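Here's the structure, in structure tokens; my notes come after.
The values are calculated or read from the model by the stated rules, or taken from the named source; none is laboratory data. As the structure is a prediction and not an experimental result, all values here were calculated from the model. For neighbour counting, all protein chains shown are included, and Cβ atoms are generated from backbone atoms with ideal geometry for every residue, glycine included. Surface accessibility is based on the protein's heavy atoms, side chains included, excluding ligands, DNA and RNA. Shrake-Rupley method; radii C 1.70, N 1.55, O 1.52, S 1.80 Å.
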Amino acid sequence: MDFATAVALYTHAAQMDDKDPVHVLNRSFANLRLERYTDAITDTTLAIALNVKDDVVLKRKALYRRCLAFIAQGQEKEAFADIAQYENAGADQKTILILKDAITKPQPQPTKAGGAHNRRSSLGTPVSTSYELRDSPGRGKGAFATKVLRRGDMILAEKPLVTLLSYNDDHSDENWQGSMSDSEVWRSIQTITPKNLVPYLSLDNSHSERGPLMGIWFTNAFAAGGVCEVACRFNHSCLPNARYSWHEKSGRLRIMVLAEIKPGEEIFVSYLMGRHGYGSTRAERQARLSLRFRCACSLCNADEDTVKRSDARREELAFLYNTITASTDPNPQSTLRKFVRAMKLLKEEQFHADADDFATDAAAFCSMFSDWEATRDWARIAYEARRDEFGEDSKHTIKAKAVLMNPVRNPAHLQAGLMPKKKLGRFTNL
């Protein structure tokens, strides 16, 4: 049995209901097995004090365990005093004789890992040479670079404490939580192991009205990735320098670097995915994030003129995303100029993610005119974006690479050759 985990869980239970003596009494047993005798004495003493109903069985258990702890620490006077109380509480004589005999025998010294000096340590987090977790002003904990990080660096691949059992693509953006029922979440939470429950319960809860387990989920869960002990410490920014993604094959949530991050700088991800991030104004982003927090990132807190220019760029990006592929413009060069415009806007906005949203469609568009050089130019942009943002072995990257390697016969280009063949130009400096 994992007694350290038991101690942590009983501690959490005692914090939730500090009037119930059973939680600390049960914790005392785990502390005894861990040879944390001082802690066991504290627990049993508290259990006796909380036993306002004078439950005789509970009192006997507490006295017996406290006596064992006193004996282990060589506190004979205290042990004999507890034996007297234990006997008055109706204990059987055989057990009393065993306790008295134990006092007269030499006791083994507590192991280095236990004894009076051993305190329950907080659960550690995976060690990384790329970042450290520490206080972030106004944000609780945050992740800060400890060395220069560059685009494409994978700085975290974490197995979640608990994942959503029924994940599907409908849960792939920031609206995924709204698409789930409470019963769906609850079924997933019930699969969490006792060992994982300890760090889970240590996470922030900004939805206390849902209770501790559900509240922690809705405060910390990532789309697809569920709740991760470390990843949830990476704070949000509307101008992220990193991004998270779910790697289905390994069952891990990844965080990849989007732009160079200097030592000491905080690492930010965006909790808003795709066009809901780069295609939303400040007011729209604030509305989407309002159930979790009020965004105070560098962009949302910028002066009004900066925000106005940013909003204009993002509104145009949203318009382009929604209209380019549906365009009826007979001039293909006009349509391609819109794709180029979208790439320019992303750069002007210093938004270092999601270029593949436009590049993938641009490659498909060029394939319609059988211009395979232009198709490969755009396919390369899409592939490199996905490689840097998801990893070489991501299913998104693998799909983009397949298009790059063979754009002529590819399921992504079902309309290839549909239009008269036409040279559209090269797109190598975007």
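Can you pull out every residue in segment 208-224 that is in a loop (DSSP other than H, G, I, E, B) and either polar (S, T, N, Q) or buried (at least 17 other Cβ atoms within 10 Å of the Cβ) (or both)?
Matches in segment 208-224: ALA221, ALA223, ALA224.
Quick check, is LYS53 open to solvent by 50 Å² or more (accessible area, probe 1.4 Å) and assigned to a helix (DSSP H, G or I)?
No: the conditions fail for LYS53.
Consider only pairs whose beta carbons are under 7 Å apart and that are at least six residues apart or on different chains; among these, list those whose first residue lies in segment 383-397 and is open to solvent by 70 Å² or more (accessible area, probe 1.4 Å) and whose second residue is of a type in the set (S, T, N, Q).
ARG387/THR397
Would you check if THR44 is closer than 25 Å to TYR200 by Cβ, touching a Lys or Arg at 6+ places or on another chain (Cβ under 7 Å) and part of a helix (DSSP H, G or I)?
no
Looking only at segment 350-372, count how many residues are touching a Phe, Trp or Tyr at 6+ places or on another chain (Cβ under 7 Å) and closer than 22 Å to ASN241 by Cα.
5
Scan GLU265, GLU248, GLU284 and give me the residue that is among the acidic types (Asp, Glu) and in contact with a strand residue (DSSP E or B) (Cβ under 7 Å, 6 or more places away or on another chain). Working first, answer last.
Numbers: GLU248 fails: in contact with a strand residue (DSSP E or B) (Cβ under 7 Å, 6 or more places away or on another chain); GLU284 fails: in contact with a strand residue (DSSP E or B) (Cβ under 7 Å, 6 or more places away or on another chain).
Residue meeting the stated conditions: GLU265.
What is the residue count in segment 85-135 for residues that are touching a helix residue (DSSP H, G or I) at 6+ places or on another chain (Cβ under 9 Å), modelled with pLDDT of 85 or more and not hydrophobic (A, V, I, L, M, F, W, C)?
Going through segment 85-135 one residue at a time, the tally reaches 7.
So which residues in segment 319-352 are small (Gly, Ala, Ser) and modelled with pLDDT of 95 or more? Write out each step before concluding.
Of segment 319-352, the ones small (Gly, Ala, Ser) are 326-327, 334, 342.
Residue satisfying the conditions is ALA342 alone.
In segment 372-382, which residues are surrounded by 21 or more Cβ atoms within 10 Å (Cβ to Cβ) and over 11 Å from THR360 (Cα atoms)?
ALA374
Just one of the numbered conditions (1) in a helix (DSSP H, G or I); (2) touching a residue at least 12 places away in the same chain (Cβ under 8 Å); (3) within 24 Å of ILE255 (Cβ to Cβ); (4) open to solvent by 40 Å² or more (accessible area, probe 1.4 Å) is not true of ALA412; which one?
Status for ALA412: all satisfied but (3).
Regarding HIS352, is this residue assigned to a helix (DSSP H, G or I) and open to solvent by 10 Å² or more (accessible area, probe 1.4 Å)?
Here the answer is no, as HIS352 does not meet what is asked.
Under 9 Å between Cβ atoms, which residue pairs at least 6 apart in sequence (or on different chains) link something in segment 231-256 that is free of Cβ contacts under 8 Å to residues at least 12 places away in the same chain and open to solvent by 10 Å² or more (accessible area, probe 1.4 Å) with a partner that is among the aliphatic types (A, V, I, L, M) and in a strand (DSSP E or B)?
none
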